[in-house]
Each structure stands twice: as structure tokens, then as C-alpha cells.
Amino acid sequence: MSSTFTDRLLGRVRLSGWVSLAAPILAILFAGVVTSIVLALTGNPVLDTLTTMVDYGSQPRSLVLILNNATTYYLSALAVALGFRMNLFNIGVDGQYRLAALVAAAVGGAVTLPAPFHPILIILVAMLVGAAWAGIAGVLKATRGVSEVISTIMLNTIATGLGAYLLAQWAVPVAGSNNIGTPPIAASGQVPGLTLVPGSSLKVFGLIFLAVAVGIGFHVLLNTTRFGFDLRATGRSEAAAVASGVNVKRMVVYAMLISGGMAGLIGMPQLLGASYSYSLDFQPGLGFTGIAIALLGRNNPVGIAFGALLWAFLDVSANILGLHKISPEIVTIMQGVIVLSVVIAYELAHRYRSVAEQKRVSRELAGAASTPQKEGATA
Amino acid sequence: MFTTGPLGTLTQEASISTETTVSEVAVQLEGITKRFPGVVANRDISLTVQKGHIHAIVGENGAGKSTLMKILYGMQRPDEGEIRVNGSPVTFHTPGDAISAGIGMVHQHFMLADNLTVLENVILGSEPRKGGLALDFAAARKKIKEISDAYGLGVDPDVLVEDIGVGTRQRVEILKVLYRGARILILDEPTAVLVPHEVDELFENLHGLVREGITIIFISHHLDEVLKVADAITVIRRGTTVAEVDPASVTARQLAELMVGSELPSPETRESTVTDVVALQVTGLTIGAEGERRVLDDVTLTIHKGEVLGIAGVEGNGQAELVEAIMGIRPSAGTITLAGEEITTWTTLRRREAGIGYIPEDRHRHGLILEAPLWENRILGHMKEKVNVRGWWINRRGARADTQRIVEQYDVRTPGIDVLASALSGGNQQKLIVGREMSGEPKLLIAAHPTRGVDVGAQAAIWDHLRTARAAGLAVLLISADLDELIGLSDWLKVIHRGSLVAEFDPATVTPEQLGSAMTGAGEEA
Ligand SMILES: Nc1ncnc2c1ncn2[C@@H]1O[C@H](COP(=O)(O)OP(=O)(O)OP(=O)(O)O)[C@@H](O)[C@H]1O
Ligand SMILES: [Mg+2]
């Protein structure tokens, strides 16, 4: 029990063995039970509703949507998780993502480059803008000691205003709608989709591979590099990090820059794979979804992948509920309950495991126990 | 005295039964067993403490002393065994339960809030209420005064904790426990941070408490003081009680042999290895603004290759600041030169890279990441050393192999290098840190209390390592509260008082008494 609850919550302490699997599964079952109760209380058929959701969610078309949503969620949660691992609460992922997508879309629409360079340029611009916006909070914290929680929340609001202003400056009417958006990105800048799921003509975002690569990069950076070591050390004990020669202020700025750079990527699959233009329909709140999923996945790239898929499944299958005259908000309740119960389940499983492990050790030592005791007595 | 069961045979050699009157038993632990993953911390321990006694518990690092006390204080649940307080069986789920049963514990690391007054610290968590809402400070102040007077603690309730020394802090901790109504007091290594005269004061206080009928259980690695104050001694080895001894009938040497089976170490080191090559030169080091009281005031010192410079002083007189300034953790004015190169503007990492090893005084806050495995802790502070990294990458295999080497060379008692640092006993954590900081052939070692909390056997081993390194040219800045260690290990001694170096001594001729009085600033006025 020597690690604190927050350490475990934010994944700074490893949970090993079956705990990391059993806990979320139990939590999801529990969330299912709670949702059933809510459904029953509101007078809806429990089993029917759940089977309808699963049926709908497992259709090929839905599977593509789930993968696409999950790609976006995954990038968002990774951006949040990087900060969490260092004890930095980057609440501003949402603003970073929206501003980055807007500027990148405007740049992408304004230039034409040969195929591989055009999307690369757009992605780089997005990462730079996201990093810069998050970097403001990093610099404020390092130089002035401003809490990043406060500054990133304020930067979110500023990003909304700034975004609306910039969009008004750059926008053209979107063909076939009343919306306005940035000029569309030419074909050279688009990333073609993939027909991954048989039976559906819908395409999976080509940038799903970017998300996978970012996940692998996250793991490699944190666990095998000096930078990652310094980052984790700072997250676990800032005082020890300082005494060991880690430049904590610089780490704060770097971590915010990287987190922001990753936040910049969130809008890319959608921008380069489907919309080709930034308009007002870019989904707000993705950064906050990322916080929930980062918690679900314990800030670990594999866990987050599962969390993102689950979240996307719930979102997509919620669409069918309206047809059955069931409020889709039931899914929001379910998502909330899942996050809460996962957090609780991890904690319970952790405690149970400590006890079980001690019992196991004691069984193994039971046979040997008599020998050292005699040894002690004769000495 | 209480020699029952399997212990009977072995205690006869060490103790002489002095059982004349059947006195009351305050605490009785029977068959306590506590297992952690990979280790049995307590194995079938039995302990009987008489009411009104000072009962000492001794044993080598990792023997299970702290664990046993945490069990008695409700911080850990025993796997087996029974606890009886004043004759009746009890089960504690939290320290709160233990407190209600009249048991209080003072941990080795003080847990006082610096920016609160003594009064606020004492009532924190059990605030007296007036009419259900308002804090009743007057009543609390009165009660604190009463307790302080009754036991001769001499604590002023209205000073800020940051303004008082460690000795007083310790008394505040004790007062805090008494305030909550404790009649049985557990002190885990209470003298580790104290200088000799403070130790004497503490023992006077303890005697005062005992006269009022309070029972005291304390853990210490300083066998001389154990023999001096204890009414009874229990020796724990490898998690089990191996002897109950009567302090009047054993010597420190016999006690050490019971504990570790090895002889008492002596830090004697007379043959000098001091060269005339300057390793560290500190000039005019100052912390604190003009006008106000400076925590460090114009400190100048030189350490040569192969020299150990000891700094004596009551804790809180600027030692911590001096160390942190040399390490580049705390900004300061003045110049610092390492082997002829000025390092005043260097970062901490660069200083460490240049060959400064650092054993911090607070191992939990500054020396380790408790939630990381041992091998990751090997890398901490040595993020540029060959064995630990290859360019940008962590050299996992190298770091693990070198951790294994430290564990073996420094006798760190652990089930493996993958366990978290928090699972090691205090002394074993210290050994790991010492081993780490002596790795990579440092030029200069800043050692703050290098053997604090370490048992006598391990202490001798660490002293040996230091001597060998010194003979090979290591310069050491040694800060210690242990005067024997200072006198025995140093080639030259300086005394720090209120941030200035006020006196210096040749350790070959100085007596602990002279040193002690210089440390309290007595020399200054004269
Ligand atoms: N939370 C824990 N998890 C796992 N093992 C532990 C834990 N706490 C203590 N231990 C192990 O139990 C044993 C006894 O530890 P304990 O802290 O009681 O020793 P100690 O006698 O107080 O030693 P020291 O003199 O070094 O303080 C050690 O082997 C230690 O590694
Ligand atoms: Mg201990």
C-alpha cells in the first residue's frame, strides 16, 4: 500500500499480471449492470436494447465508423496520457487540437505540393501549432509557476475565440451546405482510405497507421529513452528528480510541447481522410474524451487502445437507440459509469492482489519456515 | 526476563533473570507473523513489554523492527498472532484504533508542518472544539502547557516549527502523541538525527515519562545508548526474536554479536592519505539576502584528493543548504571549483557527470524513487553513466547487471532487483544509495549521514568502502550527527553554526566534548 491512489490512477505505478486485465472487464460488466438498471427504471426493455446495440455495432458499416472514431480518440488520449505520466494535467488538448486542425487545413488548402509532401506538410503544421499552443502553458508553468490546469483551460477558451476569428478570415462557403470552412485541400494532400472491413464500402482512415505508430512511439519514448526516464522520474518524485540532476522546468516545457504536438494530430485523420476542409462541424470536446479514455487505459498505450475502441463502439451503437425511441443519452451514462467503475475496479484488484500475493508467498514459505527458525535459534 | 517457549534456551547465555517482582505487562505480542512478497518480515515474534519500562528493540537492517512496530500501531495487519494491550486482546485496523487503545508512534521521519506553530501542529487532526464549531485554542494551549510541564518537555506552543531545531521537533512529536492520550510510546530510531547532547536531553525526557507511568518502546542502532537507557532489550534477527537481554549484563560488543554475529566496527582511520591536490574549493558561499539572517554565510573550505573533511553541527545550522549549494540544487552566491575547474554555473547533472557523488540526507525524498524498481533507481542521478545509458537510450541490461553488483557488494538484503525500492527496509535502502554513489569512480563524494539508519555490521562495511575509495584519491565532504563517525573518519573537522564555519579541529586530538560544545555555539562567545 505504499503507492498512493493517484499514482496508480495515473499509471505512474505499474499494475502487472492479471490485474490489468481483470479489472477493466469486471468494471465493464458492472457498468452493464448499472445501465440495465437505468434502462429498467426508465421503462425500456433491457435485453432487447443491449442486443440491438451489439447487433448494430457489429455491422460492417459500424465497424468502420468505430475504427475511425477510435483512431481519433486514441491520439487524443495519448496526448493527455503523456502529460499525466509526468504529473502534468494538460486539460487543453481540446483547444490545441482545434486550433491545429484549423491552421493546418488553411495551410493545406492554400498550397499544392507533390503527393507525399503535401500531407506531411499539413501534419507538421498541425503538430507545430498544437505544440506551440500547449507550449504557452508549459513556459508559463516553468517560468512563472502558473498551474497548467488553469492556463490550459483558459487557452481552450482563447482557442475557441481565435479559431472563430481565423475561420471568418480564411473561410469560403462549403459546397452544398450553408457552412463555411477553409478552402478544400487538393487531392495531392489527401490520404486515401482503406477498405479494411469486408462488406462495407466505407473506408477506414489511412492515418489509422499514424495512430498505431504514435502509440508505439509513446511506449518507446517513455520506457527505453533517457528522456522517458527523466519524465517518469519527475512524475513519480519531483524532489528526487531535482536532486538527481533532472532539469524539471525544461522537462515541463518539453512534455507540454510533445503533448501538444500529439494533440495536433487528433484532427488529421478526419481532415485528410474525409472532410478535406476545416469547418464548424469539427467535433469539439475530443480533448475531454481523451482524458476519460486515458484514465480507462491507465495511461498505457495498449490499455488506451482498448479504451478508445470501447468508447467508439458505444458512440456508434448509440445511433440506433433513437430509432427505438430510447434516449441515446443512456450511452453517455454508460460511459461515465465505465470510467468510474474502472477506476474503482483497478483499485480493488490492486488491493486484492497484494493480499493474494502475500498469501501465495506464505504458502510457498510454509514448508521452509521451520528450517530458518531453527537456524535462528541455534545462532 | 520473559523467557518463554523456544526462546528459553538461548536467552540464558545472554541474560540474567532479574525477576523479583511480578510487574504489570503493558504490551504483549504473541506469535506475530507478517509476510511481504518474497520476504517474511516477522516470523512468530513474541515480545513482552513491562509497564513503565523503556524497552529497546535492536537488530540489523531488515530484521523486521519497523514492521513489528507498525503492526503494534495498526499501520500493518499481522498475518498471524495476537496483540494484547494491558492484558486484553486487541485488533487494530488503523492507527486510530491503536491511538484509542493508548498507543502512539513517532516515526523516524518527522511529520510536522513547517509553516504551522507547535500548537497548530499538535492539535492537527484532533482539534478541540468550542460549541461544536470554533477551535478552542485556549484549551489546547493550556493542555499542551500542562503536558509539557508534567513531563519536563519544555515546549513553547506558539513558535513556528520551522524555527525550532530537531531536538525540539522530536519533543513536539512526542508531545503530539501524548496529547492524544498515549500511555505507550513507540519511537522508531529517535536518536538517528540527534547530536549527543540532544540525545542526553531526550533520554532525560524519556525517564521523566517513565516515572509518570508511561511505557516506551524504542528502536535504535546505537548500542551504547541502548545499554545506557533501556530497562530491557529485545534482539531481533531475520524476523524473529533471538534474545531478551538485561542491559546490565551485556556489553555493546556482545549485543552486536547477538544481532549480526559480527564485531563492533571502529571507524579509526589514522594513516593519512591526504594529497596536496585540491579536489574541491568553495569560496564565500552565501545563501540569503543582505540584512536578513543568512542560512549560509560566507563559507570557505578546501578538500584535497584523498581527504575526508567532516562538518560537525547541530542539524538545521546550514548543512543541508551547504550540500545543496555544492550540488547546484539551491542557488547561492560564491564560487565552487572542482579539480581546478569552476563549476559555479553548472547544472546539477553536469556536476554529477563531472564526478560528484551525492548521498542525500533524506533518502526518501531525494535519494530514491520509492515506486520504481531497484534497477531503475540505479540510473537515478547517473543518467549519463556508461553502464546506464547508450546515447539517448537506457541501457537496461547494463543497469540491471550493475544493480546486481551493488546488491552483492553492499549486502543489500532484497529478494531481487525488480522489487520496488519502497519494499526495502530503511537501512537497505541506504546501502543501495551508498553503493550507487560510489559507482563510476567519483572524484568527490558529498555524504550526508552516510550510515544513518544502518546497522553496525553494514556501517563497518560502508566505512571500509569509504576508506578504500579515499586511499584511491576520493575527496569526501562528510556531514554526520554521529560524532564517532566524524572523528574516526575525517582528516579534518570544521564546525558549522548558524550558517557559518565557526571552529575547526584536528580529529586526532579533539574530544567529543570539545566538539559538542563548539557545535552549540559555545565557542563563539568565548
Ligand atoms: N511494504 C513492504 N513490502 C514488501 N516488503 C517489505 C515492506 N516493508 C518491509 N518489507 C520487508 O520486510 C523486512 C523487514 O523490514 P523492516 O522495515 O521491518 O526492517 P527494520 O528492522 O526496520 O530495518 P532497518 O533497521 O533497516 O530500518 C525487509 O526485508 C523489508 O524488505
Ligand atoms: Mg526500520
Next item on the list: Evaluate E = 1/(1 + (r/R0)^6) for B:E504 and B:T468, where r is the Cβ-Cβ distance and R0 equals 30 Å; express this FRET efficiency to the nearest 0.05.
Entry: 0.70
Margin query: For a test of the definition: using alpha carbon positions, the gyration tensor, and the 1.5 limit on a/c, classify the stretch A:131-280 as rounded, prolate or oblate.
Written below: oblate
Checklist line | Charge dipole of chain A about the Cα centre (unit charges at C-beta), most positive-ward option of A:I320, A:A70, A:A305 | finding: A:A305
Next item on the list: Would you mind calculating the gained length between B:K386 and B:D276 on full extension (0.36 nm times residue separation, minus the Cα-Cα distance), in nm to one decimal?
Entry: 36.6 nm
Notebook entry, point to check: Hey, got the average number of other protein chain Cβ atoms within 10 angstrom for residues in B:361-371?
Noted result: 5
Note to self: Calculate the FRET efficiency for A:K203 and B:R405 from the Cβ-Cβ distance with a Förster distance of 56 Å, rounded to the nearest 0.05.
What the structure shows: 0.50
Checklist line | Within the stretch A:257-287, backbone nitrogen closer than 15 Å to the virtual label 7 Å beyond the Cα of A:T195 toward Cβ | finding: none
Check: Over the protein assembly as shown, what is the percentage of antiparallel beta bridges among all DSSP beta bridges, to the nearest 5?
Finding: 60 percent
Checklist line | Peptide B:24-36 - average C-beta neighbours from other chains (10 Å radius) | finding: 2
Note to self: On C-alpha positions alone, give me the angle between the axis of helix A:117-144 and the longest principal axis of chain A, in degrees, nearest 10.
What the structure shows: 60 degrees
Checklist line | Restraint check, B:K305/B:K494; B:K70/B:K143; B:K305/B:K431; B:K384/B:K443; B:K65/B:K176; B:K142/B:K176, Cα-Cα greater than 20 Å | finding: B:K70/B:K143; B:K305/B:K431; B:K65/B:K176
Margin query: Can you compute the modelled spin-label distance between B:L124 and B:A354, with each label point 7 Å from Cα toward Cβ, in nm?
Written below: 3.8 nm
Checklist line | Set of the stretch A:155-173 residues, backbone N closer than 17 Å to the point 7 Å along the Cα-Cβ line of A:S188 | finding: none
Note to self: As I understand it, the dipole of the protein assembly as shown uses +1 on the Cβ of Lys and Arg and -1 on the Cβ of Asp and Glu, about the Cα centre. Which of B:Q430, B:S220, B:S517 lies farthest toward its positive end?
What the structure shows: B:Q430
Next item on the list: For B:D97 paired with B:A248, estimate the spin-label separation in nm (one decimal), with each label point 7 Å from Cα along the Cα-to-Cβ line.
Entry: 3.9 nm
Notebook entry, point to check: Between B:E441 and A:R61, how many nm apart are label points set 7 Å from Cα along the C-beta direction?
Noted result: 7.3 nm
Margin query: Quick check on chain A: helices-only [θ] at 222 nm, where DSSP H runs of length 4 and up contribute -39,500 (n - 2.57) each and the sum goes over total residues. Nearest 500, please.
Written below: -24000 deg cm²/dmol
Next item on the list: Rank the residues B:S332, A:S259 as a footprinting-exposure proxy: fewest other Cβ atoms within 10 Å of their Cβ go first.
Entry: B:S332, A:S259
Next item on the list: Using a 10 Å cut-off on Cβ atoms, rank the peptides B:51-64, B:341-354 from the highest mean neighbour count down.
Entry: B:51-64, B:341-354
Margin query: Please compute, over every Cα-Cα pair in the protein assembly as shown, the percentage with a separation greater than 38 angstrom.
Written below: 54 percent
Next item on the list: Starting from the Cα gyration tensor of chain A, take the square roots of the eigenvalues, sort them a ≥ b ≥ c, and report rounded, prolate or oblate (rounded when a/c is under 1.5, otherwise prolate if a/b is larger than b/c, else oblate).
Entry: oblate
Next item on the list: Within 10 Å of each Cβ in peptide B:480-490, how many partner chain Cβ atoms are there on average? Round it to a whole number, please.
Entry: 0
Next item on the list: Would you mind computing Rg(Cα) / (2.2 N^0.38 Å) for chain B, counting N as its residues?
Entry: 1.00
Checklist line | 5 angstrom amide H check on B:A279, placed H, neighbours 5+ away | finding: B:I303, B:H304, B:K305
Next item on the list: Calculate for chain B the 222 nm mean residue ellipticity that helices alone would give, adding -39,500 (n - 2.57) per DSSP H run of length 4 or more and normalising by residue count, nearest 500 deg cm²/dmol.
Entry: -9500 deg cm²/dmol
Note to self: Please list, in order along the stretch B:203-220, the HN-Hα scalar couplings obtained from phi with the Karplus expression 6.51 cos²θ - 1.76 cosθ + 1.60 (θ = phi - 60°), rounded to whole Hz, x for Gly and Pro.
What the structure shows: 5, 4, 4, 4, 4, x, 5, 5, 4, 7, x, 8, 9, 10, 10, 9, 10, 7
Next item on the list: With r as the distance between the Cβ atoms of A:A110 and A:L280 and R0 = 25 Å, compute the FRET efficiency 1/(1 + (r/R0)^6) and round to 0.05.
Entry: 0.80
Notebook entry, point to check: Which order, highest average first, do A:289-300, A:148-159 follow once you tally other Cβ atoms within 10 Å for each residue and take the mean per peptide?
Noted result: A:289-300, A:148-159
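Values in this text are rule-based calculations from the coordinates and carry no lab data. Bear in mind that the values here come from a model prediction, so they are computed numbers and not experimental data. Note: ideal-geometry Cβ built from the backbone for every residue, glycine included; neighbour counts use all protein chains shown.
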